[in-house]
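Student: This is the structure I have questions about; it appears just below.
The values are calculated or read from the model by the stated rules, or taken from the named source; none is laboratory data. Note that the structure is predicted; figures quoted are calculated from it, not measured.
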Amino acid sequence: MFEGPKEEFYVIELRAALKEFHEVSKEVARLSEIKAVKAKLVKSLMSVLSLQSGEAAMRDIIERHQLANLLRPFLAFQEIATAGRATVVRRRGGERQAVDPATVLPKGTRIKMLTGQYEGLFGVVASAQLRPGKKGLDVTYFFNLDGPRGSRKRTSVKHGTLNKTWVLAP
């Protein structure tokens, strides 16, 4: 069957396996580069669509054209909504309660400040930041507020302060 020392057989097999490994590695690197370029293109197109029609209208367009499942990796709030009830946490009276992920507010949601230095000011959710906490994700919102005489203010609040220091505007 095989003539010569046994180690030659293993060396030949090792050489073949290494050659295949390096060919596959090159292919994976090439595909990773293509994936990164395509992801950048998708994000750019989503940004253009969002700027042209607004965040809420863009989500409606995505749903209407049945692209939600394909865009899931690119939609931060979609990831939250599918993460499960235990992942988003709010603090109330010292205890921690799971928040229904569907209540995490998307960009552009109108709000009103109830207390603090920005009491009475209206604004919109500019962005949200998610941080891993001890029992799930903590959500911090960043608001752009419209101050008196046209001034613009920016502040941040935790999700758990909803209906305490700020509320959704009508």
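Student: Please find, within the range 156-168, the residue that is farthest from A126 (Cα to Cα) out of those that are at pLDDT 85 or above and in a loop (DSSP other than H, G, I, E, B).
Tutor: K164
Residue by residue, here is whether (1) at pLDDT 85 or above; (2) of a type in the set (A, V, I, L, M); (3) outside the structural domain of A128 (by TED's automatic domain parsing) holds:
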{"residue": "S25", "(1), (2), (3)": "yes, no, yes"}
{"residue": "S32", "(1), (2), (3)": "yes, no, yes"}
{"residue": "A36", "(1), (2), (3)": "yes, yes, yes"}
{"residue": "I61", "(1), (2), (3)": "yes, yes, yes"}
{"residue": "Q97", "(1), (2), (3)": "no, no, no"}
{"residue": "D100", "(1), (2), (3)": "no, no, no"}
{"residue": "K107", "(1), (2), (3)": "no, no, no"}
